[in-house]
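All remarks here apply to the structure that follows.
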There are 4 protein chains.
Amino acid sequence: MQLLLNNLVEKNRQWTKHGKVANYIPELGKMDSDRLGIVVVDTGRKIYRAGDYQTKLTMQSMSKPIALLLALLDNGEEKVFRKVGKEPTGDPFNSMIKLETLNPSKPLNPMINAGAIAVTSLIKGISKEEKFFRILDLFRKISKNPNLDINMDVYLSEKKTGDRNRSIAYFLRDIGILEGDVEEILDLYFKQCSIEVTCEDIANMGMFLANQGIDRESGKSIAPMHLTQIVKTFMITCGMYDASGEFAINVGIPSKSGVSGGIMCAVPNKMGIGVIGPSLDIKGNSIAGVKLLEDLSEEFKLSIF
Amino acid sequence: MQLLLNNLVEKNRQWTKHGKVANYIPELGKMDSDRLGIVVVDTGRKIYRAGDYQTKLTMQSMSKPIALLLALLDNGEEKVFRKVGKEPTGDPFNSMIKLETLNPSKPLNPMINAGAIAVTSLIKGISKEEKFFRILDLFRKISKNPNLDINMDVYLSEKKTGDRNRSIAYFLRDIGILEGDVEEILDLYFKQCSIEVTCEDIANMGMFLANQGIDRESGKSIAPMHLTQIVKTFMITCGMYDASGEFAINVGIPSKSGVSGGIMCAVPNKMGIGVIGPSLDIKGNSIAGVKLLEDLSEEFKLSIF
Amino acid sequence: MQLLLNNLVEKNRQWTKHGKVANYIPELGKMDSDRLGIVVVDTGRKIYRAGDYQTKLTMQSMSKPIALLLALLDNGEEKVFRKVGKEPTGDPFNSMIKLETLNPSKPLNPMINAGAIAVTSLIKGISKEEKFFRILDLFRKISKNPNLDINMDVYLSEKKTGDRNRSIAYFLRDIGILEGDVEEILDLYFKQCSIEVTCEDIANMGMFLANQGIDRESGKSIAPMHLTQIVKTFMITCGMYDASGEFAINVGIPSKSGVSGGIMCAVPNKMGIGVIGPSLDIKGNSIAGVKLLEDLSEEFKLSIF
Amino acid sequence: MQLLLNNLVEKNRQWTKHGKVANYIPELGKMDSDRLGIVVVDTGRKIYRAGDYQTKLTMQSMSKPIALLLALLDNGEEKVFRKVGKEPTGDPFNSMIKLETLNPSKPLNPMINAGAIAVTSLIKGISKEEKFFRILDLFRKISKNPNLDINMDVYLSEKKTGDRNRSIAYFLRDIGILEGDVEEILDLYFKQCSIEVTCEDIANMGMFLANQGIDRESGKSIAPMHLTQIVKTFMITCGMYDASGEFAINVGIPSKSGVSGGIMCAVPNKMGIGVIGPSLDIKGNSIAGVKLLEDLSEEFKLSIF
């Protein structure tokens, strides 16, 4: 496995040249475009690392499944899905069209920005500080890294350039999906997106989901199996922006990407995978990361289909 | 298993009262709304039958995954996916909006009508008769029922009331996705939808997909594993109209429904399931059939997530 | 006036180089792109001709206001506007999106293709021959040209390449806006679009509308004033495809363009104008013709605003 | 004329029962639903008043044409129409769909909220106070009422409930149409909408536009004829929300309505009209006011067509 991983990283690194680092958040634009790294952890507690696995990156949209899990734990399925739907969408991640055309209206799913902002607004806490701490705490627990924290430069950069998300949030408050102070909710959302991790942290989070919410080492359940299945379902149907269908066909692993170039994968009952590759394809997914996962899935028959 | 199936059918039959039989194709409107039946076949060649499993129904949209498989066998992935996309869509099955707004334009996936018509147009044959015979032949082979044939009344009823599909087909020809005679292509499509089956036929087709394209009895491969995985992926991401996401969460089995009230399920490497229940919910899926599958999936942990 | 017209034509002929002759109907693509001509008739029965005013062209979308008038005469306002709306639309002339998103659904106005096809289907006659003859007869009467007839090459070319219009028509029949045989209705529509005219014919038709439905010479009323006002209103709000708003600002005259490069104008109570200039801008309007009308309107203060 | 106006008001007052007072801005909901009043001023300086003409109301969307005029005076046509289009739209006044689907994107016209906010952002002034004062000053000048001012309760109510407008404004800043502080721009917009007037004020503003920008009494030009024609063109093509087409047919007068139940009309070269009738139809126009104008237009042949 280790040798294969090394080979696959080197084979696919060339793809980084065919994409571009995200630039709509200026701070993200500073990442090295030719990086590619991967960490795999399996249920047997083995861990494999290859390529630029030590490069740090922020969670960005990879934080959405985890925030969804916390919102479900806090509010239950019924309340969460009163505010956000369960259906994939053929529209881009920041689209607002369906908010206007559907009646009654709510975001189609928790993986597009509108849905993710609605989900984050449901996280409980008596203050905005406590709310964020509760998010950070869950991230630390399932990544097995008690030192996770925000990358302040990215956070401030997101806050400064977040007009499209502001537009979405005010629309959501107008139609009764969002309650409370919009800037406060967005601040929480920008913070959640700015949590800094490595591939190993991501792989551990993926492992936690793959292992049905049970901590591998202690055997303790952190979240009910059913809720982790919900999260993985969204990762298959809408985890890779509007390339989710193609990824499901070519890789077949519940996964969530972020514009920082990360991909978090959960192979049910088998393994967690963390990938970094900041050079993105036009859909916003790590261009080399996706190719690397295609090879890995084929090699080890990881497709759930 | 047998006892449980009997119980689940009786428990869920009440749901038939909350839906309606499809009426946009007049002939379909004649089905009994209170029917509910199921057949399960597993890899160990065991077969279980419960409820109104002997009621006949037409394939309708359940034919789409099978026609896709044949088109893939005939043309290869590259050619098929040049004409039709791989992404789920939040729009209804007969929507044409994305055909107009996307550029370059093609149907989003092979499970919506636009995509399915494009797929059917790719099936090979030197005459329209041969094309249909090749479709029917594949249906007969994987259902293990050499007597499958068209229900003429349904076929003629579809042909007569198919204006929305005509509108879709002429649009597709206008944008260069469809070639040839539109009425001839639609005739083939209406025939494919009108093939009459029972739950057992459907369960066998599901089994064939679950078993990765290999005939259980002979051990012979009818279609490559990768192509059957493609088909199952579409069944998860867009097999249940615009309730696919919710179904993936609540049931978690690659499935395809039809407006005749049928559902074809493929639990990878485990079982094939055929359900009938003509009373439909507002999304067009068998209302009691979906409930029955939710119970079954939970009872036997059939979710792929 | 005559001198000015000559000057304006020569001044604006250069614009023909910046556009393109329509090519989606092959036969239209054969027109000379550098032509520009105009005829003006006023209420004092004076007539002015300049440039390539003798060049023949087909009515195309310029036929829509006249067909609307006939449908209104045949059916009355209430019945016509039950099938087609009165609102301008920011969408292209062949768009079908609003047909799908509006509920209850009907074409937004009689100037887009969907609305025009619905309007043509309402024209009365005991046979398709009589229906077309009644259209042709009205065209002949208001153009004061008893020799008007179809250009067969254009008609056959339209018929052959009319898939988008077929798609629209079947959609309309599916939602109950259109009744009867679709190909027969489209045939009538293609014929109406293929009536061949000169600028003088167009100017006379514009004069008829400008003169509130009264024949200038005989003083006889061919259509009620109110109906001709309806027609002119549509020409202002949606007569120039999705450049209608800009044209209303820059020219301010109720006008209808066609992809053959013609423009028919009705200056209420003042004059009728016919323009030809086959080189089109990207919205589908005669590029030099629009410029010529801007100059003419400014020179003679023809804006209705 | 006076007698006729009295009769028409009484005849049409019954229509107030078939509509509803706007309630999305709470303060507007307090208006009496059965009011109906009108003031007509003509070029001969005659003035006619009937019904509840003394009832006060706020400008709301009636402020849009006047703010557009000021922005055109401040920036010129080219700069203004780089930020906002000239085309009517079949979508509701607060729709954002086209902002997302058009490329490059800008609001379709200055009468929908997105366009009006963009226009207001272009009004010049060294401070927000000066900007508002310049707007108020123009309103006072053309209404001939130096006492016009804001209704503070309505202003605060708009500010509090303006989430949809906030959503629009942040979207506009995201796509580069809006520059500067969003809340400051919206504050200016809410103030402009909250200017309180009577029918007579509105009629005078309409007269100013009808009279091509020339003050009737002094004969002095306040705005160039061409700019007032631009404004009136928008009033015909998109002044009555998504009922503009129907109103153009039935009334044929450049007009702008507001959700406060007001309608400002400019009959070119003839008269200005101000109407109040807070009970609205489903499109957001004064239900009795529109009926009253239909009668008035027919009686005096006021249609521009």
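Please work out which residue is farthest from B:Ser244 (Cα to Cα), limiting yourself to segment B:290-300 and to residues that are acidic (Asp, Glu) and in contact (Cβ under 8 Å) with a residue 12 or more places away in the chain.
Initially, segment B:290-300 is screened for residues acidic (Asp, Glu), giving B:294-295, B:298-299.
Now narrow it down to the ones that are in contact (Cβ under 8 Å) with a residue 12 or more places away in the chain: B:294-295, B:299.
Details: B:Glu294: 13, B:Asp295: 17, B:Glu299: 21 Å.
It comes out as B:Glu299.
Of everything in segment B:156-176 that's surrounded by fewer than 22 Cβ atoms within 10 Å (Cβ to Cβ) and aliphatic (A, V, I, L, M), which residue is nearest to B:Ile263 (Cα to Cα)?
Selected residue: B:Leu156.
Looking only at segment D:142-154, filter to residues that are more than 17 Å from D:Gly29 (Cβ to Cβ) and not in a loop (DSSP other than H, G, I, E, B); which one of those is nearest to the other protein chains (Cβ to nearest Cβ)?
Taking segment D:142-154 first, the residues more than 17 Å from D:Gly29 (Cβ to Cβ) are D:142-150.
Remaining after also requiring not in a loop (DSSP other than H, G, I, E, B): D:142-143, D:149-150.
On the way: D:Ile142: 17, D:Ser143: 21, D:Asp149: 29, D:Ile150: 23 Å.
Checked segment D:142-154; the qualifying residue nearest to the other protein chains (Cβ to nearest Cβ) is D:Ile142.
Could you check segment B:97-122 and list, in sequence order, the residues that are β-branched (Val, Ile, Thr) and either over 29 Å from B:Gly219 (Cβ atoms) or surrounded by fewer than 23 Cβ atoms within 10 Å (Cβ to Cβ) (or both)? Show your work before the answer.
Initially, segment B:97-122 is screened for residues β-branched (Val, Ile, Thr), giving B:97, B:101, B:112, B:117, B:119-120.
Result: B:Ile97, B:Thr101, B:Ile112, B:Ile117, B:Thr120.
Give segment C:261-289 a look and list any residue that's touching a strand residue (DSSP E or B) at 6+ places or on another chain (Cβ under 8 Å), farther than 26 Å from C:Asp215 by Cβ and in contact (Cβ under 8 Å) with a residue 60 or more places away in the chain, or say none.
Kept after step one, since they are touching a strand residue (DSSP E or B) at 6+ places or on another chain (Cβ under 8 Å), are these residues of segment C:261-289: C:261-267, C:270-280, C:284-289.
Filter once more, keeping what is farther than 26 Å from C:Asp215 by Cβ: C:261, C:277-280, C:284-289.
Of everything in segment C:261-289, those that are touching a strand residue (DSSP E or B) at 6+ places or on another chain (Cβ under 8 Å), farther than 26 Å from C:Asp215 by Cβ and in contact (Cβ under 8 Å) with a residue 60 or more places away in the chain turn out to be C:Gly261, C:Gly277, C:Pro278, C:Ser279, C:Leu280, C:Gly284, C:Ser286, C:Ile287, C:Ala288, C:Gly289.
Based on this model, can you work out whether B:Lys270 counts as under 14 Å from B:Val40 (Cβ atoms), surrounded by fewer than 24 Cβ atoms within 10 Å (Cβ to Cβ) and at pLDDT 95 or above? Break it down into steps so the answer makes sense when it comes.
Numbers: under 14 Å from B:Val40 (Cβ atoms): yes; surrounded by fewer than 24 Cβ atoms within 10 Å (Cβ to Cβ): yes; at pLDDT 95 or above: yes.
Taking the combined requirement at face value, the residue satisfies it.
Please determine, by comparing only the residues of segment B:51-71 that are among the hydroxyl-bearing types (Ser, Thr, Tyr) and not in a helix (DSSP H, G or I), which one is farthest from the other protein chains (Cβ to nearest Cβ).
Taking segment B:51-71 first, the residues among the hydroxyl-bearing types (Ser, Thr, Tyr) are B:53, B:55, B:58, B:61, B:63.
Filter again for not in a helix (DSSP H, G or I), leaving B:53, B:55, B:58.
Values: B:Tyr53: 27, B:Thr55: 29, B:Thr58: 21 Å.
My answer is B:Thr55.
Residues in segment A:1-29 that are aromatic (Phe, Trp, Tyr) and within 24 Å of A:Lys191 (Cα to Cα): how many?
Of the residues in segment A:1-29, the ones aromatic (Phe, Trp, Tyr) are A:15, A:24.
If we keep only those that are within 24 Å of A:Lys191 (Cα to Cα) too, we end up with A:24.
Total satisfying the criteria: 1.
Would you pick out the residues in segment D:72-102 that are under 19 Å from D:Arg164 (Cβ atoms), within 11 Å of chain C (Cβ to nearest Cβ) and not in a loop (DSSP other than H, G, I, E, B)?
D:Ile97, D:Lys98, D:Thr101
Do we find that A:Ala50 is without any contact (Cβ under 8 Å) to a residue 60 or more places away in the chain and assigned by TED's automatic domain parsing to the domain that holds A:Ile214 in this structure?
On the way: without any contact (Cβ under 8 Å) to a residue 60 or more places away in the chain: yes; assigned by TED's automatic domain parsing to the domain that holds A:Ile214: yes.
So A:Ala50 passes the test.
When residues of segment D:70-90 are filtered for being charged (D, E, K, R) and buried (at least 21 other Cβ atoms within 10 Å of the Cβ), how many remain? Steps first, answer last, please.
Kept after step one, since they are charged (D, E, K, R), are these residues of segment D:70-90: D:74, D:77-79, D:82-83, D:86-87.
This time we only want the ones that are buried (at least 21 other Cβ atoms within 10 Å of the Cβ), so: D:83, D:86-87.
The qualifying residues number 3.
Can you tell which of A:Gly125, A:Gly90 is within 30 Å of A:Gly272 (Cα to Cα) and without any contact (Cβ under 8 Å) to a residue 40 or more places away in the chain? It would help to see each step written out before you state the result.
Values: A:Gly90 fails: without any contact (Cβ under 8 Å) to a residue 40 or more places away in the chain.
Of A:Gly125, A:Gly90, the one residue that is within 30 Å of A:Gly272 (Cα to Cα) and without any contact (Cβ under 8 Å) to a residue 40 or more places away in the chain is A:Gly125.
Is there any pair with a first residue in segment A:24-40 that is in a helix (DSSP H, G or I) and a second that is surrounded by 22 or more Cβ atoms within 10 Å (Cβ to Cβ) whose Cβ atoms are under 7 Å apart and which are 6 or more apart or on different chains, and what are they?
These pairs meet every condition: A:Glu27/A:Val154; A:Leu28/A:Val154; A:Leu28/A:Val259; A:Leu28/A:Ser260.
So is D:Phe139 among the aromatic types (Phe, Trp, Tyr), within 17 Å of D:Leu186 (Cβ to Cβ) and at pLDDT 95 or above or not? Reasoning before the result, please.
Values: among the aromatic types (Phe, Trp, Tyr): yes; within 17 Å of D:Leu186 (Cβ to Cβ): no; at pLDDT 95 or above: yes.
Judged against the criteria, D:Phe139 is not a match.
Conditions: (1) among the charged types (D, E, K, R); (2) under 20 Å from B:Lys256 (Cα atoms); (3) not assigned by TED's automatic domain parsing to the domain that holds B:Leu148. B:Glu87 meets all but one. Number of the miss?
(3)
Among the residues of segment A:181-202, are any assigned to a loop (DSSP other than H, G, I, E, B), more than 18 Å from A:Lys270 (Cα to Cα) and more than 20 Å from the chain's Cα centre (by Cα)? Steps first, answer last, please.
Taking segment A:181-202 as the starting set, the residues that turn out to be assigned to a loop (DSSP other than H, G, I, E, B) are A:181, A:194, A:198.
Retained after the next criterion (residues that are more than 18 Å from A:Lys270 (Cα to Cα)): A:181, A:194, A:198.
When the remaining residues are screened for being more than 20 Å from the chain's Cα centre (by Cα), the result is A:181.
Among the residues of segment A:181-202, at least one is assigned to a loop (DSSP other than H, G, I, E, B), more than 18 Å from A:Lys270 (Cα to Cα) and more than 20 Å from the chain's Cα centre (by Cα), which makes the answer yes.
Of all residues in segment B:155-196, count the ones that are touching a Lys or Arg at 6+ places or on another chain (Cβ under 8 Å) and more than 13 Å from chain C (Cβ to nearest Cβ).
Qualifying residue count, segment B:155-196: 6.
Hey, could you check segment A:128-144 for residues that are surrounded by 15 or more Cβ atoms within 10 Å (Cβ to Cβ) and free of Cβ contacts under 8 Å to residues at least 60 places away in the same chain and say which is farthest from the chain's Cα centre (by Cα)?
First, the residues of segment A:128-144 that are surrounded by 15 or more Cβ atoms within 10 Å (Cβ to Cβ): A:128, A:131-132, A:134-136, A:138-144.
Keeping just the survivors that are free of Cβ contacts under 8 Å to residues at least 60 places away in the same chain gives A:131, A:136, A:140.
Values: A:Lys131: 19, A:Leu136: 14, A:Arg140: 15 Å.
Per the criteria, the residue is A:Lys131.
Among the numbered conditions (1) buried (at least 24 other Cβ atoms within 10 Å of the Cβ); (2) more than 14 Å from chain A (Cβ to nearest Cβ); (3) out of contact with any Asp or Glu (no Cβ under 9 Å at 6 or more places or on another chain), tell me where D:Cys199 comes up short.
(3)
I want to confirm something. Restricting to segment D:103-138 and keeping residues that are within 13 Å of chain C (Cβ to nearest Cβ) and part of a loop (DSSP other than H, G, I, E, B), which single residue is farthest from D:Leu69 (Cα to Cα)?
Applying the first criterion (within 13 Å of chain C (Cβ to nearest Cβ)) to segment D:103-138 yields D:105-112, D:114-115.
Then drop every residue that is not part of a loop (DSSP other than H, G, I, E, B), which leaves D:105-112.
Details: D:Ser105: 23, D:Lys106: 19, D:Pro107: 17, D:Leu108: 17, D:Asn109: 13, D:Pro110: 10, D:Met111: 12, D:Ile112: 15 Å.
Here the residue is D:Ser105.
Search segment B:230-242 for residues that are more than 9 Å from every other protein chain (Cβ to nearest Cβ) and pair each with any residue that is among the charged types (D, E, K, R) and part of a helix (DSSP H, G or I) when their beta-carbon atoms are under 9 Å apart and the residues are at least 6 apart or on different chains.
Going by the 9 Å Cβ cut-off, the qualifying pairs are B:Gly239/B:Lys64; B:Gly239/B:Lys232; B:Met240/B:Glu246.
Okay, residues lined up against (1) hydroxyl-bearing (Ser, Thr, Tyr); (2) facing chain D (nearest Cβ under 8 Å); (3) surrounded by fewer than 24 Cβ atoms within 10 Å (Cβ to Cβ):
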{"site": "C:Asn250", "(1), (2), (3)": "no, no, yes"}
{"site": "C:Pro254", "(1), (2), (3)": "no, yes, no"}
{"site": "C:Ser260", "(1), (2), (3)": "yes, no, no"}
{"site": "C:Ile263", "(1), (2), (3)": "no, no, no"}
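Just a yes or no: is a residue in segment B:51-65 surrounded by fewer than 24 Cβ atoms within 10 Å (Cβ to Cβ), over 19 Å from the mean Cα position of the chain (by Cα) and over 22 Å from B:His226 (Cβ atoms)?
Scanning segment B:51-65 turns up at least one residue that is surrounded by fewer than 24 Cβ atoms within 10 Å (Cβ to Cβ), over 19 Å from the mean Cα position of the chain (by Cα) and over 22 Å from B:His226 (Cβ atoms).
Does D:Phe171 satisfy the condition of being farther than 25 Å from D:Arg45 by Cα, assigned to a helix (DSSP H, G or I) and without any contact (Cβ under 8 Å) to a residue 40 or more places away in the chain?
Numbers: farther than 25 Å from D:Arg45 by Cα: yes; assigned to a helix (DSSP H, G or I): yes; without any contact (Cβ under 8 Å) to a residue 40 or more places away in the chain: no.
So D:Phe171 does not fit the description; no.
Give C:Glu246, C:Glu217 a once-over and let me know the one that is more than 14 Å from chain D (Cβ to nearest Cβ) and either without any contact (Cβ under 8 Å) to a residue 12 or more places away in the chain or surrounded by fewer than 23 Cβ atoms within 10 Å (Cβ to Cβ) (or both). Even if it seems obvious, please write down each step before you answer.
Working: C:Glu246 fails: more than 14 Å from chain D (Cβ to nearest Cβ).
Every option except C:Glu217 fails the conditions.
Whether any residue in segment C:112-135 is more than 20 Å from C:Val259 (Cα to Cα), of a type in the set (Asp, Glu) and not assigned by TED's automatic domain parsing to the domain that holds C:Phe247 is what I want to check.
Yes.
The values are calculated or read from the model by the stated rules, or taken from the named source; none is laboratory data. Bear in mind the structure is a predicted one, so any value in this text is a computation, not a measurement. Neighbour counts are summed over all protein chains in view; Cβ atoms, including those assigned to glycine, are modelled from backbone coordinates with ideal geometry.
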